[in-house]
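J.: One structure is given below, represented as C-alpha cells, and several questions about it will come after.
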Amino acid sequence: MADTDLKRVPDVDIDEDGVFKYVLIRVTPRGSAPGKDVVRGYSWAEYHADIYDRVSEDLSRLGFKCECRGGGRISRQSSSRRIHVYGYSVGFGRAEHSVATEKLSATFPDYEVTWADDGY
C-alpha cells in the first residue's frame, strides 16, 4: 500500500461520552513508508488489549502494521465539551498522553482537552 493510504486511517476514533480505556497505536504501511499514531478508545473494552487486538487485526487486513505505544483512560464529557486523558495500561504501559491529547485536540477543536499522568 502506498503511504497515501495511511490518510484513510482516522487519527482518532473514540466513544461519544463517558470514561473508557484507550490505546495509542503506531500504524505503518508495509514497507519503509513512515507511520503515524492513532488514538482508539471504547467503553466495550474490558482490557486495553481488547482494543489493540481488534484494531490491529482490522488494519492488518488492509495492509498496515501496528504497534501499541501504551494506553490509559479517556473521560469524554460531550455536554461540557471536555476530554481528559490520564492513567496507564497494566499490559502496555503509559501512553504518551501529550501525543494523544494533540490528536484529540485536532479532531475536537471545540473541546477543552487536558491530560495528566496520575490515576488509573
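The values are calculated or read from the model by the stated rules, or taken from the named source; none is laboratory data. Predicted model, so just to flag it, every value in this text is computed and none were measured. Because the Cβ atoms are built from the backbone with ideal geometry, glycine has one as well, and the counts that use them run over all protein chains shown. Quick note on the areas: whole protein, heavy atoms, side chains included, nothing else; ligands and nucleic acids left out. Shrake-Rupley method; radii C 1.70, N 1.55, O 1.52, S 1.80 Å.
J.: In nm, to one decimal, how far is the LEU62 label point from the SER79 one, both placed 7 Å along Cα→Cβ?
T.: Going from the LEU62 label point to the SER79 one covers 3.4 nm.
J.: If you roll a 1.4 Å probe over the heavy atoms of the protein chains, what accessible area per residue do you get for the chain, in Å²?
T.: 53
J.: Follow-up. Hey, got the Cα dimensions of the chain along the principal axes, in Å, largest first?
T.: In descending order, the Cα extents are 40, 31, 22 Å.
J.: Same structure again: Compute the Rg/Rh shape ratio of the range 56-120: radius of gyration over Kirkwood radius, all on alpha-carbon atoms.
T.: Rg divided by Rh gives 1.04.
J.: Of the peptides 14-22, 73-81, 109-117, how do they stack up when ordered by the mean number of other Cβ atoms within 10 Å, highest first? Mind dumping the intermediate values first?
T.: Numbers: 14-22: 17.0, 73-81: 15.4, 109-117: 13.3.
By packing density, highest mean first, the sequence is 14-22, 73-81, 109-117.
J.: I would also like to ask the following. Please report the antiparallel percentage of the DSSP beta bridges confined to the range 49-116, to the nearest 5.
T.: Counting only bridges with both partners in the range 49-116, antiparallel ones make up about 55 percent.
J.: Given a 1.4 angstrom probe, I'd like the percentage of the accessible area of the range 10-56 that is carbon and sulfur, rounded to a whole number.
T.: 45
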